[in-house]
Amino acid sequence: MVSSKQLQLALTIALSVVCMGMFAQSQAGTATIMFQEQKAETTISRHIYGHFSEHLGHCIYDGLWVGKDSDIPNIDGVRKDVFDALKQIRIPNLRWPGGCFADEYHWMVGIGQKRAKMVNTNWGYATEDNSFGTHEFLNMCEQLGTEPYVCGNVGSGTVEEMSKWVEYMNSPNESPMTELRKQNGREEPWKVTFFAVGNESYGCGGNFTAEDYATAYRRYQTFCRNYNGGYLKKVASGPSVPDDYHWTETIMSRIPAEMMWGLSLHYYTIPGPWEHKGSATEFTRNDFFRTIAYALNIEDAIVKQDSVMSIYDPEKKVAMVVDEWCTWFDVEPGTNPGFLFQQNTMRDALVAALTLNIFNNHADRVRMANLAQVVNVLQAIILTNGREMALTPTYHIFDMYKVHQDARLISTTVETATITDGVWTLPQVNASASVDADGRMHLTVANLSPDKDCQISCPISPDYKSISQSQLLTAKNIADYNTFESPNNVHLSTFDKATLKKGALTFKMPAKSVVMIELFK
Ligand code: AHR
């Protein structure tokens, strides 16, 4: 372990990086974005654009899964409308079965013809019939072309149970587990690559101390084998709060990189006390500023956690995996408090945009992330109700930002005006940029002001000759959202306000908006 002085020094350096990196100020209503194109070496992993599906409320049942016999159009039991929407955004990975649910899930109850019921004690004490299990999840991922990210049970499961699950899913060899898989209708292994060894192990995942979890992790992961030349990317559970450095330090000092592909970090933007987090749709200007301020603070968490990881892993071999992030508000009135159903406004879209920009800008360490959660839970990208389906403003951000998947990061420096509500003073603009394999550059920018336009100027290499496409997401009001009756209140449109002339890209962004601009040489 490092001494507390060394830890202090690392955090002080991190803090100065956060301050320096934050933003330089420019005139009211303006921002300048500068690109360091020659340094585009870091790849933005597509896995930053991942999602999360937990057995919670209506995320799985009625959200993703209606079953083969449903009269709602489905592909082998998966809702077709949801399936198509996920394909459209090129969903790169999907985390399952939890969350807190994962540490009380015993996978064998979710295979075969006869499935035992259980009570979902974390989420509303709902009866779980286990009709959606390993086969249903992995077959769905296969059809979607998304990588499954399975979360194993450390809290109430055994080493043997976890080991056999990995064998069941991944082994091509002859064994009792692979025989069972074949009897259940699946001949070939699925080849799962991402596997979490527990979830929130400091809390709902078993109330471990950091030291005890590090010991348990080493043991559990030993028996999660690599099969058929594959490499299982194992993810360790992360700290309880973003400034718990003791947890991170303990894990990093006690678990070598060859046993741990990634270390998790959860970051929830909760703009009020737990008992009254605030409404998702009815909020004041102060609530809005507080939400954006908390969301922007994820950068501070990433930089400081990274600085602690870097004491032990300066080459950044271990990925930071932000496998739960989102806004968390009070549930919609009249809905089950255990089901975490909330609406999703243009405010959520701004949070998604700024967070994904921050992930992109820290892609050297952040190599995977998962929005919580994919359908009907927390900052969902999709809402369903019976046959109806609506895409949320947050969905449109993932659609817009998919151009960054596996592209090379272009570092940006942003000089921006500030905005204030008298309590919080925030940068008006937040941005990231990348260049893809075909040489197309993509710039994504969020104007975080609820009521002020912003004039943006970007000095740019004169090699860029044209704007090949550009998109805009905005709304009349910051609290606008999509409903089943009006699913297009907040929608993507073409942005035709950008001009590119002699090495200068300029455009005026409306208040509360996000744009994506594609440039071609
Ligand atoms: O996403 C909802 C819950 O929040 C997850 O189950 C848990 O991991 C976290 O505390």
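The values are calculated or read from the model by the stated rules, or taken from the named source; none is laboratory data. Keep in mind it's a predicted model, so treat the numbers as computed, not measured. Every residue, glycine as well, gets a Cβ built from its backbone with ideal geometry; the counts of neighbours run over all protein chains shown. The protein model used for the area step is the full one, side chains on, heavy atoms only, and it has no ligands, DNA or RNA in it. Shrake-Rupley method; radii C 1.70, N 1.55, O 1.52, S 1.80 Å.
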* Structure fact -> For the chain, the percent of accessible surface on carbon and sulfur atoms (probe 1.4 angstrom, ligands and nucleic acids excluded) is 50
* **Cα convex hull volume per residue for the range 271-414 (Å³)** => 142
* Return the FRET efficiency for the residue pair residue 276, residue 463: r is the Cβ-Cβ distance, R0 is 56 Å, and the value is rounded to the nearest 0.05. => 0.60
* Asked: Counting DSSP beta bridges in the chain, what percent are antiparallel, to the nearest 5?
  -> 60
* Structure fact -> Here the Cα Rg-to-2.2 N^0.38 Å ratio for the range 210-349 is 1.27
* Asked: About its Cα centre, how strong a charge dipole does the chain have in debye, to the nearest 20, once Lys and Arg get +1 and Asp and Glu get -1 at the Cβ?
  -> 1100
* Asked: What translational D, rounded to a whole number of µm²/s, comes out for the range 369-521 from Stokes-Einstein when the hydrodynamic radius is the Kirkwood one over Cα pairs, at 4 °C and 1.567 mPa s?
  -> 77
* Asked: Mean separation of Cα pairs under 8 Å and 6+ residues apart, divided by the residue count of the chain: what relative contact order is that in percent?
  -> 19
* To do: Could you list, in their original order, any pairs among 402/512; 182/402; 39/476; 476/521; 117/182; 68/234 whose Cα atoms are separated by more than 27 Å?
  => 182/402; 39/476; 476/521; 68/234
* For the range 63-157, what are the per-bin percents of Cα-Cα distances with bins 5 Å wide, up to the bin holding the maximum? -> 3, 13, 20, 24, 20, 14, 5, 1
* So how many Å³ per residue does the convex hull of the Cα atoms of the range 379-453 work out to? -> 150
* Per residue accessible area of the chain, 1.4 Å probe, in Å² -> 39
* Structure fact -> Amide H proximity to residue 323 below 5 Å, modelled H, separation 5+ or other chain, gives 265, 370
* Structure fact -> Here, the chain modelled as identical Cα point scatterers in vacuum has Debye log10 I(q)/I(0) at q = 0.06, 0.07, 0.09 Å⁻¹ of -0.27, -0.37, -0.63
* Given H placed on each backbone N at 1.01 Å, which residues far from residue 65 in sequence or on other chains put an amide H within less than 5 Å of it? -> 79
* Once label points are set 7 Å from the Cα along Cα→Cβ at both residue 159 and residue 497, what is their separation, rounded to one decimal in nm? -> 6.1
* With labels modelled as points extended 7 Å from the Cα through the Cβ direction, what inter-label distance (nm, one decimal) is found for residue 488 paired with residue 24? -> 4.4
* Asked: If we restrict to alpha carbons, what Rg and Dmax does the range 134-180 come to, in Å?
  -> 11.9, 31
* List, largest first, the extents of the alpha carbons of the range 216-285 along their principal axes, each in whole Å. => 54, 29, 18
* Structure fact -> Gyration tensor on Cα atoms of the range 315-355, a ≥ b ≥ c root eigenvalues, a/c under 1.5 rounded, else prolate if a/b beats b/c, else oblate, says oblate
* To do: For the range 390-411 and the range 442-521, compute the distance between their C-alpha centroids and round to whole Å.
  => 13
* Sorted from largest down, give the three principal axis spans of the alpha carbons of the range 332-419, whole angstrom values. => 45, 32, 22
* Net length gained if the chain between residue 182 and residue 143 were fully extended (0.36 nm per residue, minus Cα distance) -> 12.1 nm
* Asked: Which percent, nearest 5, of DSSP beta bridges in the range 72-196 are antiparallel?
  -> 40
* Would you list, by chain and number, the lysines whose Cα falls below 18 Å from the Cα of residue 233, excluding same-chain residues fewer than 8 positions away? => 164, 191, 316, 317
* Structure fact -> In the range 70-110, taking the dipole from +1 charges on Lys and Arg beta carbons and -1 charges on Asp and Glu beta carbons about the Cα centre, the listed residue (72, 85, 105) farthest towards the positive end is 85
* Within the set of other residues whose C-beta is less than 11 Å from the C-beta of residue 214, count the net charge using Lys and Arg as +1 and Asp and Glu as -1. => 0
* Can you give the charge dipole size of the range 137-195 about its Cα centre, rounded to the nearest 20 debye, using +1 on the beta carbon of Lys and Arg and -1 on the beta carbon of Asp and Glu? -> 80
* Placing +1 at every Lys and Arg Cβ and -1 at every Asp and Glu Cβ, with all other atoms neutral, what dipole size does the range 279-420 have around its Cα centre, in debye to the nearest 20? -> 180
* **Viscosity 0.692 mPa s, 37 °C: Kirkwood-radius Stokes-Einstein D of the range 152-289 over Cα pairs, µm²/s** => 192
